Amino acid sequence: MMERKYDVVVVGAGPTGSTAARICAKSGLSTLLLEEQAHIGYPVQCAGLLSNHAFEECEVSSTSVMNTVSGADIRAGNAHCSFDAGKTMAYVVDRGILDREMAMNSADAGAEIQLKTIAKNISRTQHTITVSGLNGKEDISYSMLIAADGPRSVISRALGIPGAPVYLSGLQCDVNMEVIREQVHIFPNASPDFFAWIIPLDSDHARVGLCGIKDVRSRFFSFIHPYQDRCTHFVSGTIPLGLKSRTYDERILICGDAAAMAKPTSGGGVYTGCRSARHAADVAIKTIEQDNYTIPMMARYEKAWKKDFGHEIRKGFSLFNIRRQISPVEMEQLISTLSHEKIRNLIVSKGDMDRPSRLAAALMVNPRMLPAYSILMKAGIHSILNR
């Protein structure tokens, strides 16, 4: 078989990879999008709650939208904080439908899609990727390689890049239950490492899940115990947090979960994945146009995404580490403090799922947060000492 060669090879046909492939193909580059699964979008490994900005980044129709939410209800022990913006703040989507539409958009732009193809290794000297799939084992040549191959990225490992600082495990199921369809329900004490959730699909169905570092399975089944006879469609997933030490190599750019770009405050990765894909595609296009494959050229990619959202991930990871030091009793006290009307109004006016540092800064200088200061300061000190 004659060795195939492409300007750009993208590994992974999730939202990140499909975004990169679409932009590269649209610019006129020969583009190959590889996906290891037989069906794009499956198995589902995501809660499917996308912020307004994340949904906009996907550039898709409303076909995948199952519900929209305008607020949240946070509960810890006897304390709860509920707020509603009175407008759409997030979309609940069917990720299978969303991912397929994004992949088809990349195909419409000119990208070639190859399913059931597993990336095995790369040759940095020959600029080839070895894959195994429908065509057997083959080496595919590339001018640029974009790795969007998820939390356990084969490309990152082949480059010798260490894994993410933290990996969260998540479990989720669908439940037939009555639920307020405008609100997401968050339960931090159900998983002291992170949180549990109930995401409404409609008035009678919800996605119920939990994410954390340890005891995830036992905590999850304890959390869903009241609904255990109504649970269907169990899924699991992995979320990498904290960023990897490097996101580029010669002719290679690493995006999204493959670079541990998930948001540490929520675990969501679609927004940062799509944003990083745009920066990667931009650098890949300019690299090929200028025939400049130097390391400084590749470094432009890392500089671009860090300028865009890198500070949010760094600050979010600090908040994540602080959160891990807060006990269930202290969490109940924090939620009670947040329940004050003026604090809830501040959350509505300043809240942003993708860029939470603005809200965190506003909360820390608000005098009504005074009862929470000692808890947060102690947790912050412990998080530093436990690094």
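Just a few scattered comments:
- Accessible solvent surface per residue of the chain, calculated while the other protein chains remain in place, 1.4 angstrom probe, Å²: 44
- Acute angle (nearest 10 degrees) that the helix 15-26 long axis makes with the longest principal axis of the chain, alpha-carbon atoms: 40
- Backbone geometry of the range 228-245 corresponds, through the Karplus equation with coefficients 6.51, -1.76 and 1.60 at θ = phi - 60°, to 3J(HN,Hα) couplings of 4, 8, 10, 9, 9, 6, 6, 9, 10, x, 10, 10, x, 10, x, 6, 8, 5 Hz, x marking Gly and Pro.
- Segments 174-182, 292-300, 141-149 sorted - mean Cβ within 10 Å per residue, highest first: 141-149, 174-182, 292-300
- Pairs from Lys303/Lys342; Lys116/Lys307; Lys214/Lys315 whose Cα-Cα separation, in the structure shown, is over 30 Å: Lys303/Lys342; Lys116/Lys307
- Annotation: Cα Rg of the range 165-207 relative to the compact-globule expectation 2.2 N^0.38 Å equals 1.30.
- Per-selection Kirkwood Rh - the range 165-295 (Cα, Å, 1 d.p.): 16.7
- Sequence-distant residues sharing a close amide H with Met66 (under 5 Å, placed H): Val92, Val93, Asp94
- Each peptide in 155-168, 250-263 was scored by the mean count of other Cβ atoms within 10 Å over its residues; highest first, the order is 250-263, 155-168.
- Cubic angstrom per residue, convex hull over Cα atoms of the range 136-242: 173
- Degrees between helix 295-305 axis and first principal axis of the chain (Cα, 0 to 90, nearest 10): 30
- Net charge in the neighbourhood of Phe194 (other residues with Cβ under 13 Å of its Cβ; Lys, Arg +1, Asp, Glu -1) is +3.
- Applying the Karplus relation 6.51 cos²θ - 1.76 cosθ + 1.60 with θ = phi - 60° to the range 328-334 yields 3J(HN,Hα) values of x, 5, 5, 4, 4, 5, 5 Hz, where x marks Gly and Pro.
- Nitroxide proxy distance, nm - points 7 Å out along Cα→Cβ at Asp308 and Glu59: 1.2
- Accessible surface of the chain [probe 1.4 Å, protein heavy atoms]: carbon and sulfur percent: 52
- Computed from the C-beta positions of Lys120 and Ser141, the FRET efficiency with R₀ = 22 Å rounds to 0.90.
- For the range 248-387, pairs of C-alpha atoms spaced more than 23 angstrom apart make up 47 percent of the total.
- Helix content alone sets the calculated 222 nm mean residue ellipticity of the chain: runs of n ≥ 4 DSSP H residues at -39500 (n - 2.57) each, divided across all residues, give -10500 deg cm²/dmol.
- Over 13 Å [Cα-Cα, the range 107-154], rounded percent: 63
- Helix axis angle, 311-323 relative to the chain longest principal axis, alpha carbon, degrees: 40
- With the largest listed first and rounded to whole Å, the semi-axes of the equivalent ellipsoid of the chain from the Cα gyration tensor are 38, 23, 19.
- Per residue, the convex hull spanned by the alpha carbons of the range 1-123 comes to 144 Å³.
- Spacing of the two label points (7 Å from each Cα toward its C-beta) at Glu289 and Tyr227, in nm: 4.8
The values are calculated or read from the model by the stated rules, or taken from the named source; none is laboratory data. The structure presented is a predicted model; accordingly, all values stated were derived computationally and were not measured. With ideal geometry, Cβ positions are generated from the backbone for all residues, glycine too; neighbour counts draw on all protein chains shown. For the accessible areas, the whole protein counts, side chains as well, though only heavy atoms, and no ligand, DNA or RNA atoms are used. Shrake-Rupley method; radii C 1.70, N 1.55, O 1.52, S 1.80 Å.
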